[in-house]
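Chemist: The structure that follows is given in the form of structure tokens.
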Amino acid sequence: MEKTNNKFEKMILNVIQHYNHKKYWKMRDYVVNSNNSNKLMKYLYLFKLKKIDSYHNASMGTNINGGAHFDSTPFFPHGINGIFVAHESVIGKNCVIYQQVTIGKKSEIGEGPRIGDNCIIYPGAKIFGEIKIGNNCIIGANAVVNKSFPDNSIIVGIPAKCLRRKNEKD
């Protein structure tokens, strides 16, 4: 992107492109929640969310009255850069998702992945298909996950394998 010294331009770009975690997820909740009846506000928020997503090369699976389901707001240590989540995906509570992660469907038909609570997904992981990842799982960097794994699994590799199961000491 071209550098600018114009203060007004900087202010406008910051408003359009900046990812503010609290504001983003508040707007997203308003858009996907069917209880909110103000359609104009939903479309304005959706437009702003898509602009932010586009700038950060990301997509949180946001749709009017639907989309990807997040049980709680996930934590993004490096922002939403390069993160893609399919509309039919379900992400559990307290998940940590690093940059360049893809969570998607295998084809146009069917559901997206279901990821359990308290999971950590490291950079570059690809998770796709109608699969279920259990609670408290760790998915290693650049893993390609296309099958289900039970709770407490440490998942690594291409294709992904369970390296071992975590115990209470881990």
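The values are calculated or read from the model by the stated rules, or taken from the named source; none is laboratory data. What you see is a predicted model, and the numbers here were worked out from it, not measured in a lab. Quick reminder, even Gly has a Cβ in these numbers, built from the backbone with ideal geometry, and neighbours come from all protein chains shown. SASA here: full protein model, heavy atoms, side chains in, ligands and nucleic acids out. Shrake-Rupley method; radii C 1.70, N 1.55, O 1.52, S 1.80 Å.
Chemist: What accessible area, in Å² to the nearest ten, does a 1.4 Å probe give for residue 71?
Modeler: 80
Chemist: From the gyration tensor of the Cα coordinates in the chain, what semi-axes in whole Å does the equivalent ellipsoid have, largest first, with each one equal to sqrt(5λ)?
Modeler: Over the Cα atoms of the chain, the semi-axes work out to 31, 19, 14 Å.
Chemist: May I ask for the distance between the Cα centers of segment 36-52 and segment 117-170, given as a whole number of Å?
Modeler: Between the Cα centres of segment 36-52 and segment 117-170 lies a distance of 34 Å.
Chemist: Once you list every other residue whose beta carbon is under 12 Å from the beta carbon of residue 73, what net charge do they have if Lys and Arg are +1 and Asp and Glu are -1?
Modeler: Charge balance near residue 73 sits at +3.
Chemist: Separate question: I'd like the accessible area for residue 98: 1.4 Å probe, protein heavy atoms, all chains in place, Å² to the nearest 10.
Modeler: Rounded to the nearest 10, the figure is 50 Å².
Chemist: Residue 43 versus residue 162, label points 7 Å from Cα toward the beta carbon: distance in nm?
Modeler: Between residue 43 and residue 162, the simple spin-label model gives 4.9 nm.
Chemist: Still on this structure, I have one more. Using a 1.4 angstrom probe on heavy atoms only, work out the carbon and sulfur share of the accessible area of segment 29-170 in %.
Modeler: 51
Chemist: Tell me the mean residue ellipticity at 222 nm calculated for the chain from its helices only (DSSP H runs of n ≥ 4, each -39500 (n - 2.57), averaged over every residue, nearest 500). All intermediate terms of the calculation are to be shown ahead of the outcome.
Modeler: Values: 3 runs with 40 residues, N = 170.
-7500 deg cm²/dmol, from helical runs alone.
Chemist: Now for a different question. If you build a Gaussian network model of the chain, linking Cα atoms that sit under 10 Å apart, which residue out of 20, 135, 57 swings the most?
Modeler: 20
Chemist: Next up: In the calculated pair distance distribution of segment 113-166, what percentage of Cα-Cα distances lie above 15 Å?
Modeler: The calculated P(r) of segment 113-166 puts 32 percent of pairs beyond 15 Å.
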